[in-house]
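Heads up: the structure comes next, in C-alpha cells.
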Amino acid sequence: MPGGYREMWNIAAPLILSMASYTIMQFSDRVFLARFSSVAIQATLPAGVLAHTLICFFQALAGYAGTFSAHYHGAREPGQCVRATVQGLWLALASWPLIMLLTPLGLWVFAVSGHAQDVVAAEQLYFLILMAGGVAVPLNSAIGGYFMGIGRTKVNLYTNAAGCALNVFLNYAMIFGHFGFPAAGIAGAAWATVISSFVTCLMQMAVFIADDEVRLYAVLSIRAGQRRLTAWLPERQLLARIVRFGTPSGFQRLMDNGSFALFVMLTGRLGEKALAASNIALSINNLAFAPLLGFGMAAATVVGQHQGARNAVAAQRAGYTALKMGLLYMCMIGITFVLFPRGYFELFKSRDATFSTNELLTVGRTMLLLMVAWGVFDTISIVLSGALKGAGDTRFVMFWMIAGGWLCLVPGALFLLLRGCGIIELWCWLAFYICLLAGGFWWRWRKGRWKSIQLIEQREGMEYIPPVTDEIH
C-alpha cells in the first residue's frame, strides 16, 4: 500500500541505522572526552551545538535539493533529480566563506557566556576546528539528499556508517594519543570529526559520479549540443527555486538550533555540576533524538515522492505511518532511561571530576524522566515537521519554530534564571516548549493545507530520455 509500513520501512531503516551510527559516534566521542577530563565534557556540547547552529542554515538549504529530488523521483523525472543535486552542491560550496565569516561571532559568544575560563578555552578550540571544516556538513547534506530523494538510502547508511566508524577510531587515537598520534584531547576529537566528515563526503561523491543517471545526464547534455562541463554549472532558474523553498527551511533550522544553543549556554551559568549533568543528559538523549531524525527524513522523502506523483492520500498516510513507527521506537528507548539511569551516567564518569556519580544522579535521574515525558511530543515534532517540509510547507515550519524558540523557550529560560531557579526548572520549561511545538505541527498536518503546494513544475529544463542501448554505460 502506498505510504504504508513496508514502503516507509524500506526508506526509513537505512536512514535510522545511519543516524544510529552517527549517534554511536557522538556518544563515544563524549564518553572518551569525559574520561579525558571533566573540562572537555563540559565544553564539547556547547561548542558542538553552537558550531552546528552557525552551519545548519547552509546544511538545510543545500540539503533541500534532496526534497526536489524526491518530488522529481515521484514525477518519474530522474534527470531532474541529478540537476537539483548539482545545484545543491553549488550552494554548499558557496557557503564555505560565509561559514568562516561567522567564526568570530561564535568566539565572542563563548567569551561572554559566563562559563569558567578553562571551559571557555576548550570550547573555543573545539569550535574553531569544527568551523574550519564546516563546509563538509552542507556538502554531505546535498549529496546525501540525492540518494534519499530517489530512495537509495542504503548508500547513506553504508557511507555514513563507514565515516562514523572512522571517527570513533580517530577519536580514540587522537584524544588519548594512540597509534602514533599525539594526545590532543578535545582538539583531537574535533579533528576526528572534520576528517571523517570529509571522508564520508568523498565516498558519497564517488557513488554519485558513478551513478547511471548521473552519467546519462552528462551524455544527454552532449547530445543537446552542450559541453560536458556545462551540465555541471549553476542553473539560475532551478537554483532560484531551491533557494525559494529551501531558505525558510534553513532559517527555521537556524532559529531552532539557535534558541537551543542559547538554552545550553544559559545552563552553564548554574555551576559546574549543573552544566555537566545537563550536558551528559542531553548526550544520552541523542540515543533517542538522532534515530528519530531518521524517521523525520524518511517522512520527508516518502511524502515528497508521493506529492511529486500528485498522490496526496498516500502522502498523508506516509506521514502517519512514520509517526507511529517513531513513537514505538521512542517508547522502547524511553524504558531504558527509566530503568538504567546510573548505567548511563557511569559511562561519562570523569577521572578528575570534583563531583561523584551519585551527585550527578540527584538531578540527572529527574532529567532522564523528563526526557521520557517529552519524548512523545518530540517525536511528533520531528516526524511531522519533516513531513511538512517534504511537502514544501517550509514557511509554516519556519514561523512556528521561530515563535516557539524565541517567544517561548528563550524568554522563559531568562525569566527563570533571573528568578534564581535551578536546572530542573529550566528543563521543565524545555519540556513545555517541546509540547508546544508538537501541538502546532500536529494541527498543521491535520489541517492539510500542505496538499495544495506545488514544489516542482510539471516539466522544467532538459527532458530526461531513457537509454535505448548500452552505448552510454
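Of the residues ILE402, CYS421, PHE127, the one whose Cα sits farthest toward the positive end of the charge dipole of the chain, with +1 on the Cβ of Lys and Arg and -1 on the Cβ of Asp and Glu, is ILE402. Positive end of the dipole of the chain, charges at C-beta (+1 Lys, Arg; -1 Asp, Glu), about the Cα centre: which of SER196, ILE143, HIS306 has its Cα farthest in that direction? Farthest towards the positive end: HIS306. Loop exposure criterion: GluC sites (Glu not before Pro), DSSP state outside H, G, I, E and B, at most 14 other Cβ atoms within 10 Å. Applied to the chain, the longest stretch between such sites is 1-456.
Shown here for region 324-395: chymotrypsin sites (Phe, Trp or Tyr not before Pro) in loop regions (DSSP other than H, G, I, E, B) with at most 16 other Cβ atoms within 10 Å, namely PHE355.
Using Cβ point charges alone (K and R +1, D and E -1), the dipole size of region 288-434 about the Cα centre works out to roughly 320 debye.
Helices in the chain that qualify as membrane-span-like (whole DSSP H runs, Cα extent of at least 20 Å along the helix axis, mean Kyte-Doolittle hydropathy of 0.0 or higher) are 5-36, 38-63, 78-101, 117-132, 153-176, 186-210, 236-267, 272-308, 312-339, 357-391, 423-447. Based on the alpha-carbon gyration tensor of region 360-419 and its eigenvalue square roots a ≥ b ≥ c, which shape applies: rounded if a/c is under 1.5, prolate if not and a/b is larger than b/c, or oblate? Here region 360-419 falls in the oblate category. If only the Cβ of Lys and Arg carry +1 and only the Cβ of Asp and Glu carry -1, the dipole of region 1-122 around its Cα centre is close to 160 debye.
When only Cα pairs below 8 angstrom with a gap of at least 6 residues are kept, region 330-429 shows a relative contact order of 29 percent. Ranking GLY439, ALA277, ALA183 by how far each Cα lies toward the positive end of the dipole of the chain (charges on Cβ) leaves GLY439 at the top.
Please compute, over every Cα-Cα pair in the chain, the percentage with a separation greater than 34 angstrom. That tail contains 32 percent of the Cα-Cα pairs.
FYI, it's all coordinate maths here, none of it is from the lab. Every value quoted in this text rests on a predicted model; they were computed, and no experiment measured them. Neighbour counts are summed over all protein chains in view; Cβ atoms, including those assigned to glycine, are modelled from backbone coordinates with ideal geometry.
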